[in-house]
Amino acid sequence: MTLTPTRAILTDAVATGRAVGAFNVLHLETAEALVRAAESTGLPVILQISENAIRYHGGFEPIARATLAVAEASTAAVAVHLDHAEDAELALLAIDHGFGSVMYDGAKLDFADNVETTRRVVAHAATTGVLVEAELGEIGGKDGAHAPGVRTDPAEAAQFVAETGVGALAVAVGSSHAMTERVAALDLDLIARLRSAVPVPLVLHGSSGVPDETIVAGIRAGLVKINVSTHLNAQFTGAIRRFLDEHPTVVDSRKYLAAGRDAIEAEAARLLRLFAGKDPNG
């Protein structure tokens, strides 16, 4: 199949009252596992490459080309997305390389500067129909959105979307990045108010720290794109640890990486079904 535009996946999710999984790619094994999960469930998936992952691989081209190739070879509906690019030039590069969407993250800027730079990215993306996601409110990894009072304001969000023309908005509603325990509480009332105020799909970052039942409630309240990274990383690492404990003499890295890949595939499939309102256990 050819790549599926992110906009098409999100539009369909909104129309059917469900959400879609957007899972981070750290390396080739991750991408392979995620498309297999989409194929086995018959559900769409968004593969995300973060600015951090690009730095890890020494540049944009290696991980971008690999992920695009895996997505294009899949029989499932797969979109490729640039996640958390604080460098606007990187967002423009991803647009030019055929990504279905990019997230320009200007949340650390003041409102006016965030609007100005986001508008520049949106204008470039509009020439090819690429969706731009932006962030308003702090979704941190160290305290961040768990700090008292750090939330996205609905009125400010509506103004930001109107002034920038973004196609999706990441909002701070109680989650935080890099959590290894699923104990975060989402502000469901705020999500509902944001849904009423903002005419574009709402995105939850930092969902690894949110329990299943709370994510489902958040989807019912208005969340459409659910980002997951740390939780799947834990599945990958845990499977490798178990494999090496059981096979202490193994030296072929493909064997234990395959165990990690299988673990991600199983959990990603479960999450895709959960977000789509289906039985997560198949």
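The values are calculated or read from the model by the stated rules, or taken from the named source; none is laboratory data. All values reported here derive from a predicted model rather than from experimental measurement. Please note: Cβ atoms are built from the backbone with ideal geometry, for glycine as well, and neighbour counts cover all protein chains shown. Calculation scope for accessible area: heavy atoms of the full protein, side chains included, ligands and nucleic acids excluded. Shrake-Rupley method; radii C 1.70, N 1.55, O 1.52, S 1.80 Å.
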Check: Got a number for residues in segment 9-38 being more than 11 Å from Ala268 (Cα to Cα) and open to solvent by 50 Å² or more (accessible area, probe 1.4 Å)?
Finding: 8
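When only residues in segment 123-142 that are open to solvent by 20 Å² or more (accessible area, probe 1.4 Å) and of a type in the set (D, E, K, R) count, which is modelled with the highest pLDDT? Walk me through how you get there before you give the answer.
Within segment 123-142, the subset open to solvent by 20 Å² or more (accessible area, probe 1.4 Å) is 123-124, 126-129, 137-138, 141-142.
Next, only the ones that are of a type in the set (D, E, K, R) stay: 138, 142.
Details: Glu138: 52, Lys142: 37.
Going through the qualifying residues, I end up with Glu138.
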Check: What do you reckon, is Val210 in contact with a Ser or Thr (Cβ under 6 Å, 6 or more places away or on another chain), at pLDDT below 95 and open to solvent by less than 10 Å² (accessible area, probe 1.4 Å)?
Finding: yes
Margin query: For the structure I just gave you, tell me whether Arg55 is open to solvent by 70 Å² or more (accessible area, probe 1.4 Å), within 20 Å of Thr4 (Cα to Cα) and outside any loop (DSSP other than H, G, I, E, B).
Written below: no
Notebook entry, point to check: Taking segment 100-122 as the search range and keeping residues that are touching a residue at least 40 places away in the same chain (Cβ under 8 Å) and open to solvent by 50 Å² or more (accessible area, probe 1.4 Å), which one is nearest to Ala88 (Cα to Cα)?
Noted result: Arg119
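Quick check: is even one residue across segment 253-269 within 17 Å of the chain's Cα centre (by Cα), hydroxyl-bearing (Ser, Thr, Tyr) and open to solvent by less than 50 Å² (accessible area, probe 1.4 Å)?
Within segment 253-269, the subset within 17 Å of the chain's Cα centre (by Cα) is 264-265, 267-269.
Add one more test, that the residue is hydroxyl-bearing (Ser, Thr, Tyr), and what stays is none.
Looking through segment 253-269, none of the residues is within 17 Å of the chain's Cα centre (by Cα), hydroxyl-bearing (Ser, Thr, Tyr) and open to solvent by less than 50 Å² (accessible area, probe 1.4 Å).
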Next item on the list: Please identify the pairs in which a residue from segment 238-254 that is closer than 21 Å to Glu265 by Cα has its Cβ atom under 8 Å from the Cβ atom of a residue that is outside any helix (DSSP H, G or I), counting only partners at least 6 apart or on another chain.
Entry: Phe243/Val250; Leu244/Val250
Next item on the list: Take the residues in segment 65-87 that are open to solvent by 30 Å² or more (accessible area, probe 1.4 Å) and over 16 Å from the mean Cα position of the chain (by Cα), then tell me which one is farthest from Gln48 (Cα to Cα).
Entry: Thr75
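The rows are residues; the columns are (1) open to solvent by 30 Å² or more (accessible area, probe 1.4 Å); (2) in contact with an Asp or Glu (Cβ under 7 Å, 6 or more places away or on another chain); (3) of a type in the set (Ser, Thr, Tyr); (4) at pLDDT 90 or above.
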{"residue": "Gly144", "(1), (2), (3), (4)": "no, yes, no, no"}
{"residue": "Asp153", "(1), (2), (3), (4)": "yes, no, no, no"}
{"residue": "Ala162", "(1), (2), (3), (4)": "yes, no, no, yes"}
{"residue": "Gly165", "(1), (2), (3), (4)": "yes, no, no, yes"}
{"residue": "Gly174", "(1), (2), (3), (4)": "no, yes, no, no"}
{"residue": "Glu181", "(1), (2), (3), (4)": "yes, no, no, no"}
{"residue": "Leu186", "(1), (2), (3), (4)": "no, no, no, no"}
